[in-house]
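Following: one structure in structure tokens, then a few remarks.
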Amino acid sequence: MALLSINELPENILLEVFIYVPARQLVLDCRPVCSLWRYLIDLMTLWKRKSLREGFINKDYDEPVSDWKIFYFLCILRRNLLRNPCAEEGMRSWKIDHNGGDHWKVESLPGGHGQGFPDSKVKKYFVTSYQLCLKSQMVDLKAEGYWEELMDTIRPDIVVKDWFAARADCGCTYSIRVQLVSANYIVLASFEPPPVTIEQWSDAQWREVSHTFSDYPPGVRHILFQHGGKDTQFWAGWYGPRVTNSSITISPKTTRNPAASITQPETMQEQEQGQEQGQGQEQGQGQGQEQNRERQRQRERPWLGNAYFNNLFSRLRSRKPL
């Protein structure tokens, strides 16, 4: 009995097999084997189904995604880019910009005249004093695995969050500043809301502040995160705002607002238009027809499955197994 080649299996069966192969092996080992495997591994369908299998989306997910390969790997990379956000390592990883009054201090939750944190995993917080206390971190995106082409072309969402609270027995003022900066440290986008003042005898509840940077200018290479404040009573000790559980995460972008789309590269605009058309045609059509559409899109925009995809994995080679 003659042995059959694995390539004689129907494409939909091969695709099903590839769904269970780890992403690193798919791209580094399987993709170079032959043109058929390269074509199947570059299919958007494969990476959408891998995203579903690994819980990045559910079966009811209906947001438009321009590139499921990029979506998948951004989900893998997604983590908090701020180090020591909950004071478990004291002041380690933070740059002290202002250390007024009795300086920064780390305390355990709930603290004097304080409230428990909404997430029971958070055990500590940073607290300020009677003169201005500010601390910051500068995130190097390239060092964290987010290379230039990704940040300039895909421009994934950058989501910033922080939590702050006052003591019940003392008022305080809290401030936050987040800047997207270039390689030469030129500010390209900024989030700096007015300082928040909490009056004395408040409920001492923890409050969340959140901001998402979308459609920012090309050239973002670093993110500056700075926060802090002081008390309003000028009391010796640590009666200023408490901060903890700060985060910066980079998330897959699913949609773009029309005004910002003017500055996108033409290939990205065409890609989104093709994706919308493809979604409208998917209903009632078989998997073979879907793959034919994907094949045509790959011919029209080869950067999606070649240099762009290879660059992504070259950046991930030194990271943990995928």
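The values are calculated or read from the model by the stated rules, or taken from the named source; none is laboratory data. In this text, all values refer to a predicted model and were calculated from it rather than measured experimentally. FYI the Cβ positions are ideal-geometry reconstructions off the backbone, even for glycines, and counts take in every protein chain you see. Accessible surface areas use protein heavy atoms only, side chains included; no ligands, DNA or RNA. Shrake-Rupley method; radii C 1.70, N 1.55, O 1.52, S 1.80 Å.
Structure notes:
- Elements of the type strands (runs of 3 or more DSSP E) sitting completely within the stretch 98-177 and holding at least 1 residues that are among the aromatic types (Phe, Trp, Tyr): these cover 124-127, 157-165.
- Residues in the stretch 1-31 that are under 19 Å from residue 45 (Cα atoms), in a loop (DSSP other than H, G, I, E, B) and more than 24 Å from the chain's Cα centre (by Cα): 9, 10, 20, 21, 31.
- Of everything listed in (1) part of a loop (DSSP other than H, G, I, E, B); (2) closer than 22 Å to residue 205 by Cα; (3) in contact with a strand residue (DSSP E or B) (Cβ under 7 Å, 6 or more places away or on another chain); (4) of a type outside the set (Asp, Glu), the single unmet condition for residue 90 is (2).
- Total residues in the stretch 132-172, condition open to solvent by 10 Å² or more (accessible area, probe 1.4 Å) and among the basic types (Lys, Arg): 3
- Selection of the stretch 173-186 for residues being under 15 Å from residue 136 (Cβ atoms) and surrounded by 15 or more Cβ atoms within 10 Å (Cβ to Cβ) yields 174, 175, 176, 177, 178, 179, 180, 181.
- Residues of the stretch 47-87 that turn out to be closer than 21 Å to residue 147 by Cβ, under 17 Å from the mean Cα position of the chain (by Cα) and either assigned to a loop (DSSP other than H, G, I, E, B) or not hydroxyl-bearing (Ser, Thr, Tyr) (or both), as a count: 19
- Checking each residue in the stretch 200-239 for being aliphatic (A, V, I, L, M) and farther than 12 Å from residue 164 by Cα picks out 220, 223, 224, 236.
- Output for the stretch 187-226, where each listed residue is free of Cβ contacts under 8 Å to residues at least 24 places away in the same chain and either surrounded by 13 or more Cβ atoms within 10 Å (Cβ to Cβ) or touching a Lys or Arg at 6+ places or on another chain (Cβ under 8 Å) (or both): 190, 192
- Residue 169 in contact (Cβ under 8 Å) with a residue 12 or more places away in the chain, in contact with a His (Cβ under 8 Å, 6 or more places away or on another chain) and either among the charged types (D, E, K, R) or under 21 Å from residue 193 (Cα atoms) (or both): yes
- Scoring residue 36 on the criteria (1) open to solvent by 30 Å² or more (accessible area, probe 1.4 Å); (2) modelled with pLDDT of 90 or more; (3) under 21 Å from residue 71 (Cβ atoms); (4) aliphatic (A, V, I, L, M) leaves a single failure, condition (3).
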